[in-house]
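See structure below.
The values are calculated or read from the model by the stated rules, or taken from the named source; none is laboratory data. Please read all numbers here as calculations on a predicted model, not as lab measurements. For neighbour counting, all protein chains shown are included, and Cβ atoms are generated from backbone atoms with ideal geometry for every residue, glycine included. The protein model used for the area step is the full one, side chains on, heavy atoms only, and it has no ligands, DNA or RNA in it. Shrake-Rupley method; radii C 1.70, N 1.55, O 1.52, S 1.80 Å.
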Amino acid sequence: MGYHLYHTTNRALVIFIAAIILLGVGSGIAVAENYPNKAIEMVAWASPGGGSDRMCRAFAKAAGNYLDQEIYVINKKGGGGAVGMAYVQSRPADGYTVLGVTNNLVFTPLSKPDFKYNYKDFQPIIMWGFDPKVIAVGATTPYQTIEDLVAAAKKEPGQIKFGLFGTGTDDHIISVMLGQEADAKFGYVPFDSGGEQLAAMLGGHVAAMVTEYQEVATQVEAGKVRILAAATGQRLDSLPDVPTMIEKGWDVVVPKFRGLVVKKGVPDDVKDYLIAKSLTAIQDPVFKNYLKNSMIEPYFLVGQEFEKLIEKQQVKFGEILKELGF
């Protein structure tokens, strides 16, 4: 079983799409009437220092150069993004509260049947890229390869534990898919942020973690973390020596989108203003450096096109989660 959203990114196509979007949006928008007339709040659904937090702070810093008001970041961690989603839904649909998202916008509601919100309660503004997921272990562990980790799980079913950012998230999906594909049984421990995942792994409380490379790059460079495999369709330019799970015969390909949404019901002129300003902000050197340093592949979609991608993930991952018993 596997889900192939995009194995590779055609950079020429991405640049072409971005140019068309910029021309189309930029030519039709002057300014939203009376918006913004106060500061804009950007919600990060992870702890300070986590991947989503760094994403939001980079975007806010870049966007602050172009918006007509201040944009600041607040953290609402927990539940694989559920706390942040619920907070945004508690605020007025006026464009003064925006949410930085990943595909947990899809995963978390699917895996929490009692959670009353889902992607349909939000309006997509912009997707600015996707980042590859990897499997990491502490450098002091005996796991030199992904085969070593799988072999340990087969030897001690359920005792080799993955640290996850929430349950039913892409972290969870990837680890479960690996277990199914490799015929091994892992254990799972959810955390509220990437920082907590990493601390637990380095402390020996979990054997491995599913994460984005940006979450552990510093520790990899310091020799504290080892990357065993990538959940991508082909090897990463940034990690040429790291094999994909597909190479090992395990069909586990799950990319992670990143972007910005608002609560459903925000006026069209406000939404269009945010799209236009966001397209400018992502061209800012501050944000370009964030994408480069975080090893996020640039991929630009706005409004309805971003919504179509989210709907596609909803269908495909919904099927997988149902098979997993969620």
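One residue is enough: does segment 174-185 have a residue meeting the conditions crowded, with 24+ Cβ neighbours inside 10 Å and within 16 Å of ALA46 (Cα to Cα)?
No, that holds for no residue.
Quick check, is LEU279 among the hydrophobic types (A, V, I, L, M, F, W, C) and part of a helix (DSSP H, G or I)? Outline the logic, then answer.
On the way: among the hydrophobic types (A, V, I, L, M, F, W, C): yes; part of a helix (DSSP H, G or I): yes.
The answer is yes for LEU279.
Would you say ILE282 is more than 22 Å from VAL106 (Cα to Cα), at pLDDT 95 or above and either out of contact with any Lys or Arg (no Cβ under 6 Å at 6 or more places or on another chain) or open to solvent by 70 Å² or more (accessible area, probe 1.4 Å) (or both)?
Details: more than 22 Å from VAL106 (Cα to Cα): yes; at pLDDT 95 or above: yes; either out of contact with any Lys or Arg (no Cβ under 6 Å at 6 or more places or on another chain) or open to solvent by 70 Å² or more (accessible area, probe 1.4 Å) (or both): yes.
So ILE282 passes the test.
Starting from segment 229-243, keep only residues that are part of a loop (DSSP other than H, G, I, E, B), then list their pairs with residues that are surrounded by fewer than 17 Cβ atoms within 10 Å (Cβ to Cβ) and β-branched (Val, Ile, Thr) whose Cβ atoms are within a distance under 8 Å, requiring at least 6 positions of separation or different chains.
If the second residue must be surrounded by fewer than 17 Cβ atoms within 10 Å (Cβ to Cβ) and β-branched (Val, Ile, Thr), the pairs left are GLY233/THR8; GLN234/THR8.
Taking the conditions exactly as written (open to solvent by less than 10 Å² (accessible area, probe 1.4 Å) and of a type in the set (Phe, Trp, Tyr)), does PHE191 satisfy them or not? Show your work before the answer.
On the way: open to solvent by less than 10 Å² (accessible area, probe 1.4 Å): no; of a type in the set (Phe, Trp, Tyr): yes.
In short, no.
Testing GLY204 on (1) open to solvent by 40 Å² or more (accessible area, probe 1.4 Å); (2) touching a helix residue (DSSP H, G or I) at 6+ places or on another chain (Cβ under 7 Å); (3) farther than 21 Å from TRP45 by Cβ; (4) not aliphatic (A, V, I, L, M), one condition comes back false. Which one is that?
For GLY204, the exception is condition (2).
Being within 23 Å of VAL101 (Cα to Cα), of a type in the set (A, V, I, L, M, F, W, C) and in contact with a strand residue (DSSP E or B) (Cβ under 7 Å, 6 or more places away or on another chain) is the filter here; which residues of segment 172-197 pass it?
Within segment 172-197, ILE174, VAL189, PHE191 meet the criteria.
Among the residues of segment 304-326 satisfying the criterion of being among the aliphatic types (A, V, I, L, M) and at pLDDT 80 or above, which is most open to solvent (accessible area, probe 1.4 Å)? Full working, then the answer.
So the first thing to find is which residues in segment 304-326 are among the aliphatic types (A, V, I, L, M), and the list is 309-310, 315, 320-321, 324.
Now drop any that are not at pLDDT 80 or above, which leaves 309-310, 315, 321.
Values: LEU309: 17, ILE310: 3, VAL315: 84, LEU321: 4 Å².
It comes out as VAL315.
Residues of segment 247-276 being in a loop (DSSP other than H, G, I, E, B) and more than 21 Å from the chain's Cα centre (by Cα), which ones?
Of segment 247-276, the ones in a loop (DSSP other than H, G, I, E, B) are 247-255, 264-267.
Scanning segment 247-276 gives GLU247, LYS248, GLY249, TRP250, GLY265, VAL266, PRO267.
Here are some residues: VAL106, VAL83, VAL73. Which one is surrounded by fewer than 23 Cβ atoms within 10 Å (Cβ to Cβ) and in a helix (DSSP H, G or I)? First the steps, then the outcome.
Values: VAL106 fails: surrounded by fewer than 23 Cβ atoms within 10 Å (Cβ to Cβ); VAL73 fails: in a helix (DSSP H, G or I).
Answer to the check: VAL83.
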